[in-house]
1. Anything in the stretch B:147-161 that is at pLDDT 95 or above and within 10 Å of chain A (Cβ to nearest Cβ)? List them, or say none.
2. Of all residues in the stretch B:521-549, how many are exposed (fewer than 14 other Cβ atoms within 10 Å of the Cβ) and not in a strand (DSSP E or B)?
3. Kindly establish whether residue A:433 is assigned by TED's automatic domain parsing to the domain that holds residue A:317 and touching a residue at least 40 places away in the same chain (Cβ under 8 Å).
4. Take the conditions within 14 Å of chain A (Cβ to nearest Cβ) and closer than 22 Å to residue A:309 by Cβ and apply them to residue B:128. Does it pass?
5. Determine which member of the set B:8, B:88 is crowded, with 23+ Cβ neighbours inside 10 Å, farther than 23 Å from residue B:164 by Cα, within 39 Å of the chain's Cα centre (by Cα) and more than 14 Å from chain A (Cβ to nearest Cβ).
6. Could you grab me the full set of residues in the stretch A:422-441 that are in a helix (DSSP H, G or I) and either over 26 Å from residue B:279 (Cβ atoms) or in contact with a helix residue (DSSP H, G or I) (Cβ under 7 Å, 6 or more places away or on another chain) (or both)?
7. In this structure, is residue A:73 part of a helix (DSSP H, G or I) and within 36 Å of the chain's Cα centre (by Cα)?
8. Among (1) within 14 Å of another protein chain (Cβ to nearest Cβ); (2) outside any strand (DSSP E or B), there is one condition residue A:464 misses while meeting the rest; what is its number?
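The values are calculated or read from the model by the stated rules, or taken from the named source; none is laboratory data. Values in this document were obtained by computation on a predicted structure and should not be read as measured data. A quick note on method: Cβ atoms are made from the backbone with ideal geometry, for glycine too, and the neighbour counts reach across all protein chains shown.
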């Protein structure tokens, strides 16, 4: 299908199924839009009744169309639409846009009709866009198959959207702001072509510099991540994913029937793929403007040139609250500034060239700063004082001349809407971003800087930890055969061994005497834990006794635990007790776990044990497979990371040991697809080691059913 | 001075000291602006050389001016400016605007000249604005004494600013957006008139509905809070306070020489006064638009009407992430909607009236929702689909007609910039806020809702806890006399007694025998702590031993502690040991403290003990005097509040007991101005009580010097 995408975006001939003479019908507007866009190829209107529409000869049906047709746009009602796709397939048409609605989004019969559509498209290998969509625009191919009004300028921004209405709004905004677009795609129900196909195509499209998108769900999680990850090395992808709250998700599912996955998983997937997640349309535009016109900053240092103190301070505040930094200007730069600026100017960043600055003083200062070796990005901030307002055109032209091709990003903020208007327009027309306020400019630059860091990050190899996969699979299969939903302590011990997970010495004792011997063998103090495949929550039966210091204490504890368990859970088979070496003093407890996400697969979790995870929800996430870098980020992301780093003179914990355990969890989640959820809890860490003291695996219900 | 503010804002006659014939001079532009504004009173230009300027007869000096002059605007250089104010004072002029610069903001001589200015203004009781300012505008009095270009429309928004350049930018923005203003004031160096004077005046001004401001510092903390608190009951105050980060503050202090206080104290002061703190100019405008045109919502429930699913979901997401809620529509409302909407519409909030909705469908839906009893606010969201785009004017007019005087706030979001432009203009011209995107509309509404909650909150009485003030003062005075900087354990015990603070039974033992007796008297287990006025960090000398269970253990501990202290700190006078009852098991530790802020006085702090405060910085703040409501909010604000509420079946702690201790700390901070910092740490809390186990007071260095 993918090779047919070229026919979708750059067709030489287009058939319009349902072309109409009625100016209000979609079949008419699409035709009109194509003509207005000055489409260079052939257009074939299809309508059983009309003779000519908008000056073009009409074909009565699909069969009577000429042989070689690249793209068909379908605007007829649902039933007819499905039939048409079949006929078009037979005719060898490579790409189809189904604008018609009434499919999956209305459920019931619509759903089944959409399934039929998918079947047909697959049979004929058709690149099918929609159904229930607005169509698409490719300004560079003079193509507009939408029924929206207005044609955007040519540009290097491409946009795809799961919401047709949002396409309309953004198109209207682009027209008003005079922003250029390259491709503009309404995805509709995504029966065949989805966001991943668009990302792949636009990633390779030389006319696209920035990819924007609005989605409510992702169709194929892993493919999406893999595809996007490659693209974002070279082109930024900015996505709005809506339905992120309960209310939003409810609205989303009543909208295009998309089931929104866990929002956490989406955020994690986006960051894994280097996709920039955006939460509102305004930010999307601000970022598009920045990315489409300016080079990425090669570091965090921002230099601010201003003619007004107040706004300069505000800008410095925003910069300090971001990942950017205020540049420390070089001594040479400050010397140069001294020579060109009046004595009352503030030479240190923000450089305040004072309210009486004219265009020349601005341009001279910019000249100096462009050459400053410490500066990675420049912000020119302006209040329309009486000194600069009359020279605003001159200044804007000067900035364009000086800065159009410098290797550092430059952003202008001309505050105001009246006297500065002409200057703003000159800048924007010449690809220098100009914002009304400091905030969006600096925030956009910050995102560019973070994206630059992403592009610099080399591809890090996945480490495959050594493990005895056979043993692990055996444990899982046994559980499935015996219809166990959980694998705990005793069986789980084998999993620890299979994955070479460091753990406190532990052995199963079937009698109190055996417990005493084991305790003596592994050394005091020890912990005793009930061992029974039927008891997963040991504390419910008070099945754990800690800090046992002598054989006698061990013996008593064994008898106490087993008899209590027998009494409280008479139906349970009790194997005995696990005898475990006590954790060294001063250990901290962390938790490593995973849960399988419907869309994106194993979502690995990390947090500090106890209240930090349970009450304060201080948890970080990553999607398997994880690199060591990912594991390090996960550890650093939690707020209680500071506790692991050590405080009050404590040494930091052994981070490498925790990373290893996180990486093993990642590998385990990939090795054992039958496991739906797993947890190492607690993992005991100090400055020397990290020991997995307890393990719990949950087998997915499907597996139990299967067996 | 304050009674003279009327002369500043609504003068009948104005003298311009430094009026000029040169069109580029400030003294010319001010005169021109006054004339262009069509000022109705007398204007007297003063210039030693010219005969007439801009058609007006010129006075050669201040002495030759007519007798009754309300306001003078000074544009002459610094030295002359100071002299002029003196002469104007002698003449009985009530209000003066000093536009001239070169005062405090340049330091050195400028600072001294400003002091002189203040002296003169006080002597003659002059309401003086500036120096180093842009002047002011009062659209309702046809007054424009600024040298900025352009006149804003009449409106009900007033704005004051410590940055003249920001005034210029905002003026320009207002002109471009056609936004009306009432008063527009550039504060300059705030030699006499400051933000508090403006808040007081504008609070009473019937032509001002919303007060906006930009400040870099506050001149008089307590007066500011008291004044603003009264005003915000009736009018919203929206302030930007910049210099909030280190970089910003550095820039601020090189700007108008204002010393920015602790940013935390500012935030706390603003919230105490009901001031809405804003962080960027864009938000300031979005909020000004909302507050100046719409009534406050009487509750959190927002109903969204949309013609497009995607933007509807985004809006629902934003709403759910705010303090607002998505309305659950009444059964009756849903019935009514069923009758007017097509079958495929989504009747539940967000109400999706679908892309083919025309103006009538929109207006019918609005009609139903206006009457819905559960709805507190309405958002009309629109994508310019082909169905609605041609009817945009009709729709906007319809909304104006229906909603101009309803008691619920209504916000429109017409997405786009081209087809929707006319509609947006009609709405804005008729005081219906219309935004380009859902985010700013919903965020503005959220702020209005929070402000409504503030206005509903009754004035809560300050509770004065019973205390023995004489005893407390005695302890402090003794410390001052003996040049102690710290009051700890032993002396501090008296402070606990003076304020009736519940604390674990504690007594001073001077010998090991006495320690044993005391321990038996108060009951085991006990803690022993070194008692020495010279040892403030007891742990440095291992001066605390806990969990002593017998007289013998107490005796040994006494000897161990005192001998070790003697050895490690041979210079210290050791009084003995404090014998303290051990805390009940399972207690949590909290910390209550205060620190005196330069601007706003005692800043009370609260947090969970140990790592929560020290490492995670999970602290909340309040300014004394605190009400019980304030104390409750402080407790609820920390993230680890959840731990106090109890989890895993634990009971919640006794919150009332913690509140009491916070209120006592507030009272103590007011009672004892000599104390610069104080801390109750730890305070041991469980479900029954809260006990102050340790106290530390720091005497301010000034007091030590004084004595």
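1. Passing the criteria: only B:161.
2. 7
3. yes
4. no
5. Result of the check over B:8, B:88: B:88.
6. Going residue by residue through the stretch A:422-441, those that are in a helix (DSSP H, G or I) are A:422-429, A:438-441.
Matches in the stretch A:422-441: A:422, A:423, A:425, A:426, A:427, A:429, A:438, A:439, A:440.
7. Here the answer is no, as residue A:73 does not meet what is asked.
8. (1)
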